[in-house]
Amino acid sequence: MAKVIMVQGTMSNAGKSLICAGLCRIFVQDGYRAAPFKSQNMALNSYITEEGLEMGRAQVMQAEAAKIAPLVCMNPILLKPTTDMGSQVIVNGEVLGNMPAKEYFSYKKRLIPEIKKAFRKLSSMSDIIVIEGAGSPAEINLKENDIVNMGMAKLADAPVLLVGDIDRGGVFAQLIGTLSLLSDEERSRVKGLIINKFRGDKTILDPGIQMLEQRGNVPVVGVVPYTPLSLEDEDSLTIRFDRKKRGMIDLAVIRCPRISNFTDFNVFEQNESVTVRYVTSVSELGDPDMIFLPGSKNTMGDLRWMRENGLEAAVKKKSQDTIIFGICGGYQMLGKQICDPYHVEEGGQMRGMELLPVETTLHQEKTRTQKKSSLHQIRGRLSCLSGMEVSGYEIHMGNTSTEKSGAEHLVLSNGNVYGTYLHGIFDAEGIAAAILSALAKEKGIHCDTDGMYSYRQLKEIQYDKLADTLRKYLDMDAIYGMLRESRL
């Protein structure tokens, strides 16, 4: 059976996901079979496994770091917010239903057997399991019936590493405050503290670290520097949304309120001549070289939001001379009409943006499938993509009228407007480079794409860089000692 270690944080976006990924890569480099686990994830970025099951992308990223295929047992519960007060609940990769937050809070303890079952399955095929917590273990309102932080640590009898984010300030208060709000039994599980995202001379921190260890009675096992990485982060707090700089080639992504799977655009970020901006208003949109409409967990609601704030009208006008590319929910928005007879989202029907000759009907059954094929003859300004190999996955609640099986229908085009259901379509080797080269040629500029990697190649480089950083700045001897003492 597997040894276990758990990474919890003082807050969301403290860096838990990347610490877990880095540990997974280190353990694999050292010859162990490592695997990630998160009992409950809340995210709008999700993934479809080979079996057609849905899981959070953070655990997919960590599985990639561990050099293994993503399995839904790594993330048995996924919550996808549909409104400010409720989420779609996905258990073992399949939709259980939509629940208001209060209802789910009462219901979740019934899912403990499913968590245990998934964890046992993962343990049977692993030497080390790296468990990720969620948010903070000191949230008083969430501690009852907790299944993802100290509740999970107890289920797995796992030693805990507690991570604090110094980049946002107050890291000593974060760590000491969290420890003080834990029960004695919970506090005894915390075996090491990590100060994450540090910038500057570490010796300046030494007096604070000494105080922290004395007051918290827990050793600091690492001060990890701020390390820029092109890897996926928590969707609700990503710094990607704050980028406003415009490069030689300017790509704009409409950041709708329920944006999902915006990881589709990460591959473009590796080119220094390119900027990927997430925009929420007409004034932010400006005059980009290409506009993306991303996936959405509430297509009708997000289209209404675009309509009310003027972005729909701006995108339609831009489509006369700018490439518009919609993926999944964005693809549905670009059509003539969206019908919701089963009240999957808001019910009724809604006029689309009328830029593509398609109509969408939302259904209760979710499409979940992986695809790998070659693109058919693409018309217009992206004809350079014709015949290129792509792979990815579809995950949507609707069927579109012109959608048919087969590679020739992976991308639909109409003038400057393109649409697809395929997430990850830009990740394959050569796709992003071809698009950027076409845009650069139209502008009469040079964009060096020779050194661009496929997204998979890029991530492999980043995982090794992350592992090298953690080896240098974490006390891995102490962490291996915690693993030796863990029992399952």
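Rounded, prolate or oblate, given the Cα gyration tensor of segment 246-359, with a/c below 1.5 counting as rounded? Prolate, because a/c is 1.5 or more and a/b exceeds b/c.
Can you give the angle from 0 to 90° between the axis of helix 299-309 and the longest principal axis of the chain, with both taken from C-alpha atoms, to the nearest 10? Once rounded, the angle reads 70 degrees. Taking square-rooted eigenvalues a ≥ b ≥ c of the alpha carbon gyration tensor, is segment 392-469 rounded, prolate or oblate, where a/c under 1.5 means rounded and, failing that, a/b exceeding b/c means prolate? Verdict is oblate for segment 392-469. Ignoring aspartates and glutamates fewer than eight residues from Lys116 along the same chain, the ones with Cα atoms less than 19 angstrom from its Cα are Glu54, Glu94, Asp127, Glu132, Glu144, Asp146, Asp157.
Once you order the gyration tensor axes a ≥ b ≥ c over the Cα atoms, which shape class does segment 122-212 get: rounded for a/c under 1.5, otherwise prolate or oblate by comparing a/b with b/c? Before the final figure, lay out each step's value.
Working: a/c = 2.21, a/b = 1.54, b/c = 1.44.
Prolate shape, in that a/c is at least 1.5 and a/b is the bigger ratio.
Between Tyr418 and Ile324, Phe325, Gly326, the built amide H atoms are under 5 Å apart, and every one of these is 5 or more places off in sequence or on another chain. For the pair segment 445-487 / segment 416-434, the C-alpha centres are spaced 26 Å from each other.
For Lys371, the lysines whose Cα comes closer than 16 Å to its Cα, not counting residues fewer than 8 places off in the same chain, are Lys404. Once you reduce segment 327-354 and segment 154-188 to the center of their Cα atoms, the two points are 44 Å from each other.
Under a 5 Å amide H cut-off, with hydrogens placed 1.01 Å from N, Gly86 pairs with Ala101 among residues at least 5 apart or on other chains.
Per-residue 3J(HN,Hα) values for segment 128-143, derived from phi via the Karplus relation 6.51 cos²θ - 1.76 cosθ + 1.60 with θ = phi - 60°, read 9, 10, 9, 9, 9, x, 9, x, 10, x, 9, 6, 4, 6, 10, 6 Hz in sequence order (x marks Gly and Pro).
For Lys317, the aspartates and glutamates whose Cα falls under 20 Å of its own Cα, not counting residues fewer than eight places away in the same chain, are Asp250, Glu284, Asp287, Asp289, Asp302, Glu308, Glu354, Glu442. Atom-type composition of the exposed protein surface of the chain places 49 percent of the accessible area on carbon and sulfur (1.4 angstrom probe). For the chain, the solvent-accessible area with a 1.4 angstrom probe is 41 square angstrom per residue.
Which percentage, to the nearest 5, of the DSSP beta bridges contained in the chain is antiparallel? Please list the in-between numbers first.
Values: 37 of 83 bridges.
So the antiparallel bridges amount to about 45 percent of the total.
Return the equivalent ellipsoid semi-axes of segment 358-488 as a descending list in whole Å, where each equals the square root of 5 times an eigenvalue of the C-alpha gyration tensor. Please report the intermediate quantities before stating the final value.
On the way: eigenvalues 296, 124, 23 Å².
Square roots of five times the eigenvalues give 38, 25, 11 Å.
Round to the nearest 10 and give me the degree value, 0 to 90, for the angle of helix 16-29's Cα axis relative to the longest principal axis of the chain. Computed tilt is about 80 degrees.
Could you tell me the calculated FRET efficiency between Asp287 and Lys441, based on Cβ-Cβ distance and R0 = 30 angstrom, to the nearest 0.05? List each step's numbers first, then the result.
On the way: r = 18 Å, r/R0 = 0.60.
It comes to 0.95.
Rounded to the nearest Hz, the phi-derived 3J(HN,Hα) couplings of segment 256-268 under the Karplus curve 6.51 cos²θ - 1.76 cosθ + 1.60 (θ = phi - 60°) are 6, x, 10, 4, 9, 6, 6, 4, 4, 10, 4, 4, 6, where x marks glycine and proline.
Fully extending the segment from Ser12 to Leu181, taken as 0.36 nm per residue of separation minus the present Cα-Cα distance, adds 59.2 nm.
Taking segment 16-55, which GluC sites (Glu not before Pro) meet the DSSP loop condition and have no more than 12 other C-beta atoms within 10 Å? Mind dumping the intermediate values first?
Working: sites: Glu50, Glu51, Glu54; in loops: Glu50, Glu51.
Of the GluC sites (Glu not before Pro), the ones in loops of segment 16-55 whose Cβ has at most 12 other Cβ atoms within 10 Å are Glu50, Glu51.
For segment 1-94, the alpha carbon convex hull comes to 102 Å³ per residue, rounded to a whole number.
Could you sort out which of Lys316/Lys441; Lys318/Lys459; Lys102/Lys297; Lys316/Lys443; Lys121/Lys472; Lys16/Lys472 sit more than 28 Å apart by Cα distance in this structure?
Numbers: Lys316/Lys441 24 Å; Lys318/Lys459 33 Å; Lys102/Lys297 20 Å; Lys316/Lys443 21 Å; Lys121/Lys472 33 Å; Lys16/Lys472 18 Å.
Listed pairs above 28 Å: Lys318/Lys459; Lys121/Lys472.
Volume per residue for the chain equals 142 cubic angstrom (convex hull of Cα atoms).
May I ask you to derive the relative contact order of the chain, considering only C-alpha pairs under 8 Å and at least 6 residues apart, and to give it as an integer percent?
Details: 1052 pairs, mean separation 76.2, N = 488.
Here the relative contact order equals 16 percent.
The values are calculated or read from the model by the stated rules, or taken from the named source; none is laboratory data. Since the model is a prediction, treat every value here as computed from it, not as a measurement. Backbone-built Cβ (ideal geometry, glycine too); neighbour counts: all protein chains shown. For accessibility, only protein heavy atoms count, side chains too; no ligands or nucleic acids. Shrake-Rupley method; radii C 1.70, N 1.55, O 1.52, S 1.80 Å.
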